[in-house]
Amino acid sequence: MAWITKNSGSTQIERRDEPYLSDEVKDAFNKRYAHRYPSRAALALPILHEIQHHHGWLPFQAIEEAAAFIEVEPSVLLDTATFYEEFFLEPRGKHTVWVCQSVSCEIMNEGKITEAVREKLGIEPGETTDDGRVTFMKVECIGACGGAPCALVNETLHENLSPDDVAGVLDALE
Amino acid sequence: MPLDAPVLFKRVPTAPWGSANERIYVDYDDYVAQDGYAALDKAVGMSPQDVVAEVKSAELRGRGGAGFPAGMKWSFLPPPDGGPRYLCINADESEPATFKDQILIQFDPHSVIEGIALCMLACELDTAYFYIRGEYHHHREAFERAIAEAYDRGVFGENSRMGKINDRAPNLYLHRGAGAYICGEETALIESLEGKRGWPRIKPPFPAVAGAFARPTIINNVETLANVPHVILHGADAWKARGKGRPDGAPPQVPASFGTKLIGISGPVRRPGVYEEELGVKLTDVIERLGGGPAPGERIKAYFHGGISMGVISQDEAEQGVELDFDIGKKWNNLGLGTACITVIPQRTSMVSMARNCARFYSHESCGQCTHCREGSNWIYKMLSRIEAGDGATRDLDMLLELATSMGSMPGHNICGLSDGTNWAIRTIVNKFFGEFEAAVTSKRTVSLV
C-alpha cells in the first residue's frame, strides 16, 4: 500500500541499495528545472514526472529521495503525489491503455471499446495483466472529443476507434 | 452572416477556408511571414498602460469559460514593487467535450506565445508558466519546440527584444500538470504550480494581489491570449467589428460579446472538429453549416453547448434561436457560454445516462475540500446509477434536484465553482428532460413524455 511509509505488521516497504535518483539524473534535472521556480518545493511535479518516466511508477523510496532533493518532507511530496491521477503509487504494466469515458465518447459508443479491451486483455479497468504487460485504465475527457471514441495508449492518441481496431492496437504493443 | 475570414485560425486550415487534414505545425519563420510578432514589435514601442487600455477598450472577454474581461483583469494588478510578478497560462483544458485550445497549442503555438509576450509587456510580468494538462503529450512537444524557437529568436531570455521587464529578463516555462480537472481552476492551478495538491484557495486575496508564490499573478486562458496579438495589431475597433455588440441604446456598462470564438463540435455529426465563428452565431447554424448536420440515421435531442458544467440546451430551444454569446446563460436558463465546445446528444442516448456520466465526472474530480461538493456529487452519482439501473423512485427526482440546488446555488458556500457546475449540469438535464427521468423511475411507464 502506497500510504504505508514504514514496515508495519506483515507489510514491507521495498528498499534497494542503489538510489533511484542517481547523481547524473539530479544534476541534469537541476540544470533543466531548478532556475525556473523561486522555490524548490515547486519542483514536485517535474521530479515526480521524471521518476515516473524512468521507472513507470513512484516507488516510496524514490519519493523519499526526491523529497530530500527538493527539500520538503516525504509526507508533503507523498501528499502531492496521491492527489494526481497520472501518478502511479503501485507498479503498473509496461504499457498503459487509457480509454476515455466522458460524454462525447460515451455517446459515440465508448462502452463497446471498453468491452473490446476487457475481452482482449481479460482484465477489468484499473487492473494489470498477469504478465505485467498492459495496465487498463478508464479516464475522464482527454481532450480529443472531435475524434470520439478515443484512447491514449502510452503517449499515443488513437481517435475514431471502432471495437474491431482494438485488437490491432493492443497487438502492436511489444 | 458567416465569418468572412478567419482571425484566430488565420494560419490553421479550417473549413470552410481549408481542410483540417492540411494542418501543419507553424514554425517561427512561417509565423513571422504571416504577420507574426508584428503586434509585439508594435507594443514594444507603446507604454504598458496603452497596451492594457487597448485590450480594455476591445472588451476582450476571457475564453476559458467565465467570460471575465481580460483588460479589466489586467488592470487589477498593483504597481510593480521590485519583486517578481507572474503570468500563468491555463492550458489545463479538461472540461469534458472541450478540445479547442489543443489545436492552437499543437499547430499555431506562436500565436499563443505572442499573446503571452504581449500580456507580460502590458502587465509588467517577468515570468510566465504555461500550465499544460498531463494528457497532452504531442501538444507539449510542439509547444516546447515553439518555446525553444522563441528563445532562439529573441522573444524571451537575456537578449529579449522586449528588454528587461520588471527589471528582469522575461522567461516562459512549460509546467506539466498530472491529470486533475480541478487544476483548471485558477487558484488550484497556482497551488499545483507550487508543488502542492490542486486545492483551490479561498479568495480573497485574489491572484492579482497574491497568487503564485504569494506574488501578483495574472491567469489567462490560451485562446484569450491568442486573441491579443490581433487586438493590438489591428486595434480595438477592428476587433469590435466582429461578434455581437450590445443592443441599440444599451449603456456601455452592459457587457457585449465582441470578436470571434473557437467552437468545437463533437458527437454524431458529419464533420466533428474545431471551427471559428463570430460570437452571436445561431447554434443550429453552427451544427448545420460547420458540423454538416447530424450523422446519417441520427436525430438530435439536445446539446451540451459549452462543456458539461454549463448545462444542456434542448433541440426545441435551439430551434427557437439559441445564439452562442455571453448572454446565453441569462436567456436560456443555464450557466453561461462556457468554452463553446458543443456536444451533440442524439435521440438514442438516454439523458439519465448523460446525467450519470456528468455526476461521475464531478464526483471523481471534486478536490474534496468542501463537504457538499465532495459528498453531494458522489451521492448524486449513486442515485443516478440506481435510477439508470431501474431501481429509482419518484422521490429520488425531488431529492436529486434538492441536492443539486443546495450544492451550487448558495454563493459563498463553495471555495470554487466545481459544485456550481455540478448543480447546473444535473439540474438543467433533470428539469429540461423531466419526462425521461419520470419514465425511468416509474416501472409501468416505459415511454418518455418529452
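Which condition breaks for A:Pro125 when tested against (1) more than 10 Å from every other protein chain (Cβ to nearest Cβ); (2) under 24 Å from B:His139 (Cα atoms)?
(2)
For residues that are part of a helix (DSSP H, G or I) and over 18 Å from B:Leu104 (Cβ atoms), tally how many sit in the stretch B:3-20.
Keep residues of the stretch B:3-20 that are part of a helix (DSSP H, G or I), which gives B:20.
Adding the requirement that they be over 18 Å from B:Leu104 (Cβ atoms) leaves none.
Total meeting the criteria: 0.
For the subset of the stretch B:189-209 comprising residues that are in a loop (DSSP other than H, G, I, E, B), within 14 Å of another protein chain (Cβ to nearest Cβ) and in contact with a Leu (Cβ under 9 Å, 6 or more places away or on another chain), which member is nearest to B:Ala91 (Cα to Cα)? Quick ask: steps written out before the conclusion?
Within the stretch B:189-209, the first condition is being in a loop (DSSP other than H, G, I, E, B), and the residues that meet it are B:194-209.
Next cut, within 14 Å of another protein chain (Cβ to nearest Cβ) only: B:194-200.
Pick out the ones that are also in contact with a Leu (Cβ under 9 Å, 6 or more places away or on another chain) and you get B:195, B:198, B:200.
Numbers: B:Gly195: 17, B:Gly198: 15, B:Pro200: 17 Å.
Selected residue: B:Gly198.
Across the stretch A:38-56, which residue is least open to solvent (accessible area, probe 1.4 Å) among those that are away from every other protein chain (no Cβ under 13 Å) and touching a helix residue (DSSP H, G or I) at 6+ places or on another chain (Cβ under 9 Å)? Step through it out loud before you land on a result.
Start the filter on the stretch A:38-56 by keeping residues that are away from every other protein chain (no Cβ under 13 Å), which leaves A:54-56.
Subsequent filtering for residues that are touching a helix residue (DSSP H, G or I) at 6+ places or on another chain (Cβ under 9 Å) retains A:54-55.
Details: A:His54: 106, A:His55: 66 Å².
Step by step, filter the stretch A:38-56, then rank; the result is A:His55.
B:Glu298 is checked against (1) open to solvent by 20 Å² or more (accessible area, probe 1.4 Å); (2) outside any helix (DSSP H, G or I); (3) out of contact with any Lys or Arg (no Cβ under 9 Å at 6 or more places or on another chain) and fails just one. What number does that condition carry?
Here B:Glu298 clears every test but (3).
Quick test for you: out of B:Ala38, B:Ala20, pick the one residue that is open to solvent by 20 Å² or more (accessible area, probe 1.4 Å) and in contact with a Leu (Cβ under 6 Å, 6 or more places away or on another chain).
On the way: B:Ala20 fails: in contact with a Leu (Cβ under 6 Å, 6 or more places away or on another chain).
None of the others qualify; the one that does is B:Ala38.
Any idea which residue in the stretch A:84-121 is nearest to the other protein chains (Cβ to nearest Cβ), counting only those that are among the hydrophobic types (A, V, I, L, M, F, W, C) and more than 26 Å from B:Thr349 (Cβ to Cβ)?
Of all residues in the stretch A:84-121, those among the hydrophobic types (A, V, I, L, M, F, W, C) come to A:87-89, A:97-100, A:103, A:105, A:107-108, A:113, A:116-117, A:121.
Pick out the ones that are also more than 26 Å from B:Thr349 (Cβ to Cβ) and you get A:87-89, A:121.
Details: A:Phe87: 6, A:Phe88: 11, A:Leu89: 12, A:Leu121: 21 Å.
Top of the filtered list is A:Phe87.
Looking at (1) touching a helix residue (DSSP H, G or I) at 6+ places or on another chain (Cβ under 6 Å); (2) closer than 23 Å to B:Val274 by Cβ, can you tell me which one B:Arg356 breaks?
If we test B:Arg356 against (1) touching a helix residue (DSSP H, G or I) at 6+ places or on another chain (Cβ under 6 Å); (2) closer than 23 Å to B:Val274 by Cβ, just (2) comes out false.
Would you mind stating whether B:Met354 is in contact with a strand residue (DSSP E or B) (Cβ under 7 Å, 6 or more places away or on another chain) and in contact (Cβ under 8 Å) with a residue 12 or more places away in the chain?
Details: in contact with a strand residue (DSSP E or B) (Cβ under 7 Å, 6 or more places away or on another chain): yes; in contact (Cβ under 8 Å) with a residue 12 or more places away in the chain: yes.
For B:Met354, the condition - in contact with a strand residue (DSSP E or B) (Cβ under 7 Å, 6 or more places away or on another chain) and in contact (Cβ under 8 Å) with a residue 12 or more places away in the chain - is met.
Out of A:Glu115, A:Glu127, A:Glu119, I need the residue that is open to solvent by 30 Å² or more (accessible area, probe 1.4 Å) and under 30 Å from B:Gly291 (Cβ atoms). Which one? Write out each step before concluding.
Details: A:Glu127 fails: under 30 Å from B:Gly291 (Cβ atoms); A:Glu119 fails: under 30 Å from B:Gly291 (Cβ atoms).
Exactly one residue qualifies, and that residue is A:Glu115.
For A:Ile142, indicate whether it is assigned to a loop (DSSP other than H, G, I, E, B), more than 14 Å from chain B (Cβ to nearest Cβ) and under 20 Å from the mean Cα position of the chain (by Cα). Steps first, answer last, please.
Working: assigned to a loop (DSSP other than H, G, I, E, B): yes; more than 14 Å from chain B (Cβ to nearest Cβ): no; under 20 Å from the mean Cα position of the chain (by Cα): yes.
Here the answer is no, as A:Ile142 does not meet what is asked.
Do you know which of the residues in the stretch B:272-284 that are in contact (Cβ under 8 Å) with a residue 60 or more places away in the chain and within 19 Å of A:Val103 (Cβ to Cβ) is nearest to the other protein chains (Cβ to nearest Cβ)?
B:Gly273
Could you check B:Gly45 against (1) surrounded by fewer than 21 Cβ atoms within 10 Å (Cβ to Cβ); (2) within 30 Å of B:Gly336 (Cα to Cα) and say which number it fails?
Failing condition for B:Gly45: (2).
Just wondering, is there one or more residues in the stretch B:100-120 that are closer than 26 Å to B:Leu337 by Cα, within 11 Å of another protein chain (Cβ to nearest Cβ) and not in a helix (DSSP H, G or I)?
Yes, some residue in the stretch B:100-120 is closer than 26 Å to B:Leu337 by Cα, within 11 Å of another protein chain (Cβ to nearest Cβ) and not in a helix (DSSP H, G or I).
Hey, can you tell me all the residues within the stretch B:377-408 that are open to solvent by 60 Å² or more (accessible area, probe 1.4 Å) and free of Cβ contacts under 8 Å to residues at least 24 places away in the same chain?
Matches in the stretch B:377-408: B:Lys382, B:Arg386, B:Ala389, B:Asp391, B:Arg395, B:Asp398, B:Met399, B:Glu402.
When the stretch B:347-371 is examined, which residues are found to be more than 16 Å from B:Ile308 (Cβ to Cβ) and either within 20 Å of the chain's Cα centre (by Cα) or at the interface with another protein chain (Cβ under 8 Å from one of its Cβ atoms) (or both)?
If we filter the stretch B:347-371 for residues that are more than 16 Å from B:Ile308 (Cβ to Cβ), which is where we start, we get B:347-348, B:367-371.
B:Cys367 - this is the single residue of the stretch B:347-371 that is more than 16 Å from B:Ile308 (Cβ to Cβ) and either within 20 Å of the chain's Cα centre (by Cα) or at the interface with another protein chain (Cβ under 8 Å from one of its Cβ atoms) (or both).
Yes or no, residue by residue, for (1) touching a Lys or Arg at 6+ places or on another chain (Cβ under 7 Å); (2) exposed (fewer than 12 other Cβ atoms within 10 Å of the Cβ); (3) more than 23 Å from B:Ala214 (Cα to Cα):
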{"position": "A:Asn7", "(1), (2), (3)": "no, yes, yes"}
{"position": "A:Ile13", "(1), (2), (3)": "yes, no, yes"}
{"position": "A:Arg16", "(1), (2), (3)": "no, yes, yes"}
{"position": "A:Leu21", "(1), (2), (3)": "no, no, yes"}
{"position": "A:Phe29", "(1), (2), (3)": "no, no, yes"}
{"position": "A:Glu71", "(1), (2), (3)": "yes, yes, no"}
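Among the residues of the stretch A:145-168, which ones are open to solvent by less than 50 Å² (accessible area, probe 1.4 Å), in contact (Cβ under 8 Å) with a residue 40 or more places away in the chain and part of a helix (DSSP H, G or I)?
A:Cys145, A:Val166, A:Ala167
Looking at this structure, is A:Ala81 in a helix (DSSP H, G or I), surrounded by fewer than 22 Cβ atoms within 10 Å (Cβ to Cβ), within 12 Å of chain B (Cβ to nearest Cβ) and not basic (Lys, Arg)? It would help to see each step written out before you state the result.
On the way: in a helix (DSSP H, G or I): yes; surrounded by fewer than 22 Cβ atoms within 10 Å (Cβ to Cβ): no; within 12 Å of chain B (Cβ to nearest Cβ): yes; not basic (Lys, Arg): yes.
Criteria not met by A:Ala81.
Could you go through the stretch B:81-100 and let me know if any residue there is within 24 Å of the chain's Cα centre (by Cα), small (Gly, Ala, Ser) and under 22 Å from B:Ala148 (Cβ atoms).
Within the stretch B:81-100 (the criterion being within 24 Å of the chain's Cα centre (by Cα), small (Gly, Ala, Ser) and under 22 Å from B:Ala148 (Cβ atoms)), the answer is yes, since at least one residue qualifies.
Test B:Gly184 against the criterion of being out of contact with any Asp or Glu (no Cβ under 6 Å at 6 or more places or on another chain), among the small types (Gly, Ala, Ser) and either buried (at least 24 other Cβ atoms within 10 Å of the Cβ) or closer than 21 Å to B:Ser111 by Cβ (or both), and give yes or no.
Numbers: out of contact with any Asp or Glu (no Cβ under 6 Å at 6 or more places or on another chain): no; among the small types (Gly, Ala, Ser): yes; either buried (at least 24 other Cβ atoms within 10 Å of the Cβ) or closer than 21 Å to B:Ser111 by Cβ (or both): yes.
No; evaluated as a whole, the condition is false for this residue.
The values are calculated or read from the model by the stated rules, or taken from the named source; none is laboratory data. Note that the structure is a prediction, hence the values are computed from the model and not measured. Using ideal geometry, Cβ is built from the backbone for each residue, glycine included, and neighbour counts are taken over all protein chains shown. Please note that ligands, DNA and RNA were not included when accessible areas were found on the heavy atoms of the full protein model with its side chains. Shrake-Rupley method; radii C 1.70, N 1.55, O 1.52, S 1.80 Å.
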